[in-house]
Structure formats: structure tokens, C-alpha cells
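Values in this text are rule-based calculations from the coordinates and carry no lab data. Just so it is clear, the structure is predicted and the values come from calculations on it, not from any experiment. Note that each Cβ is placed from the backbone with ideal geometry, even for glycine, and that neighbours are counted across all protein chains shown.
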Amino acid sequence: MRYQENLADYSPLKEDFQGPKPFVKWVGGKRQLLPEIEKRLPSIMNTYFEPFIGGGAVMWSLDKSRLNSIVINDYNSELANLYEVVKKDVFALAEDLKIHENTSEYYYEIRKLDRSDAFQKLSPVQRASRFIYLNKTGYNGLYRVNSKGQNNVPFGRYKNPNIVDSSNLVACSAFLSDVKILNGDFENIKNMIGRDDFVYLDPPYVPLTATSNFTGYTKNGFDADMQVRLRDFCNYINDKGANFMLSNSSAPMIYDLYEGYNIHEVMANRAVNCKASGRGKIKELLITNY
Ligand SMILES: C[S@@+](CC[C@H](N)C(=O)[O-])C[C@H]1O[C@@H](n2cnc3c(N)ncnc32)[C@H](O)[C@@H]1O
């Protein structure tokens, strides 16, 4: 009964609802590149894999009737926990999100929970709620941790952050009901890939300049050796008879690594960036084996 009441409260059908969309702001989010990505999706997708899910902009845009199943993965364990909670316990999450306050004092109290044993005592729902709260009220929607894995994003000072977007969370929960969620390295999906599957890969990008800092996603930076390992993984996908699309920067290394595949140059408007001077149109690459 409680479930039914909640469902009526939060039903996406109540409003002019646009369908599920990312429930976190994510650096490198692909929402504004979606038209370029969508027009290049393969016509056949058996299972859809997204091993660097982040905010999941591409997955949320999929027409599920075109596929058999979806498998997602991310290295960030707090993010993977959030997806699990949205999938399995969305109403408890929506309720917990209501307790948060958009003040600097409260923000830093919640942020510092991962600096003590208190963090281990949080339930998965509380961890997910903390994650959304910090993401919506922290500076620029960044996810950044120090070498000890402790969040160190400053308070964002937003006037009216949308912390509790229940309608969207419920729509995302329905979408995720049969989605397999994994947490770990991108090679986690290796043994699941077969003929006619499709893998969309959106890794941390190769920096365009030596000063760009792209190590902030996880405790472990995604360095040049990782980019080579990722290319080898793409070769593996190709050998399996599956299709892949990979996003990356237009750094010379990417042209070299993916020589022999189809390299599409697209213009992206990079909105989340630490420096205002770093905003604007920038060339990025979409690489496909089909
Ligand atoms: C560019 S973001 C993905 C953005 C996403 N496509 C979106 O639209 O929001 C890259 C993601 O890769 C994850 N990641 C970093 N290293 C990884 C690894 N070795 N294996 C899997 N995921 C990793 C990060 O946690 C981050 O969420």
C-alpha cells in the first residue's frame, strides 16, 4: 500500500514529463553530444554495454524496445551504489533526500562523513542520498576525492538546487529495473560480450594539453597505459563480432591508437569546466568499428 501511495505521489505521468535523464551532474556528461551519438548508433543492438556509465546520458536516451538487455559499469563505488539504490529503493531515497539543507555548514558536515568511521555505518540509501546531495550542491557538480578517497569538492553556493527530483528518480528506477549494474574496471564486462552486442565507451579523456588535469575521477588516474589497454579492449570487442563506439578527445594519441577504425570529428560544447576560459566549442572524437 505504501508503495502504491508513493507511486501516486511521484508518478512521472502527473507532469509534462520528458522521460528519464541523468540524476547526477557529471564531468564529461554527454547530453549535448547526444544528437551526434544517436545518429551513429548501430541499427542492431542485442545487449547494450556502457562500462564507463558516469551520469549515463546515452543510456537514458535509448529506446529499450530496440534492445534485449543493458549492462552498465563504473569504477566509482559510490556512483554504482547510487544506481543500485535508484533501481531497488527509490522511494526510500526520495524520502531521505528531503532532509538535506542547502547551507555551507550543513554541506561540510555531510561532506566530512567519509573522513570517519561514520561512513561505514551509513546504509546504502543514506550513501546514495549523500552522493546526490553533494553532487547537486557542490561546486560545478564535480566529483573529486583526495588521495585517501575523501570528497574535497567545495560548497557550490547555488540559490535553488534541485536536490529532490522525485519524478525523474522514479522514471529512472523503472528504466533500471532490468539493468545489470557492475562496479569496477571496464574489463568487468569482457566475458559477457557477444556477436551483435553494442558497447558505448566514454572513458576519462586524454588531456589535450599537458596542464589539463584528468586524474580527478577516481583515486586512480586514467593514464596513457590505461588508454592503450582500452584500445586493446576495443580490438577484443571487434574480434567478438560486436560493435563499439568510443568517445575521446582529439589528442594526437587517439588518432594513432585508433588508426584503422572510423574516426568521426564532432564539435562539443564543454559546459562543466574548472576554468571559465576553458569553456566553448571543442573538437572531440567518436570512434566506431562499423
Ligand atoms: C567521461 S566519464 C563518463 C561520462 C558519462 N558518459 C556521462 O554522460 O555522464 C568517465 C567515467 O569513467 C569512470 N572510470 C574511470 N576509470 C575507470 C575504469 N578503469 N573502469 C571503469 N570506469 C572508470 C569514472 O568514474 C567516470 O564515471
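Overview of values
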| item | result |
| --- | --- |
| Cα centre as origin, Lys/Arg/Asp/Glu Cβ charges: the chain dipole, Debye | 640 |
| Residue among K30, K240, K39 with the largest mean-square fluctuation in a Gaussian network model of the chain, springs linking Cα atoms under 10 Å | K39 |
| Set of aspartates and glutamates with alpha-carbon distance to K148 below 13 Å, sequence-local pairs under 8 removed | D114 |
| Positive-end extreme of charge dipole, the chain - chosen from L93, S65, L208 (charges on Cβ) | L208 |
| Over 29 Å between alpha carbons, listed pairs K240/K281; K25/K240; K136/K281; K39/K159; K30/K64; K64/K240 | K240/K281; K25/K240; K39/K159 |
| Beta bridge orientation in the chain: antiparallel %, DSSP, nearest 5 | 50 |
| Principal-axis tilt of helix 224-239 within the chain, Cα atoms, nearest 10 degrees | 70 |
| Label point at Q120 placed 7 Å out along Cα→Cβ; residues across region 63-78 whose backbone nitrogen lies under 20 Å | 77-78 |
| Over the chain, relative contact order from alpha-carbon pairs under 8 Å, at least 6 apart, % | 22 |
| Centre separation in Å (Cα based) which lies between region 75-135 and region 158-172 | 14 |
| Evaluated at q = 0.14, 0.15, 0.16 Å⁻¹: base-10 log I(q)/I(0), Debye formula over Cα of region 2-288 | -1.10, -1.26, -1.42 |
| Amide H within-cut-off set for I70, under 5 Å, with H built and near neighbours excluded | Y48, K180 |
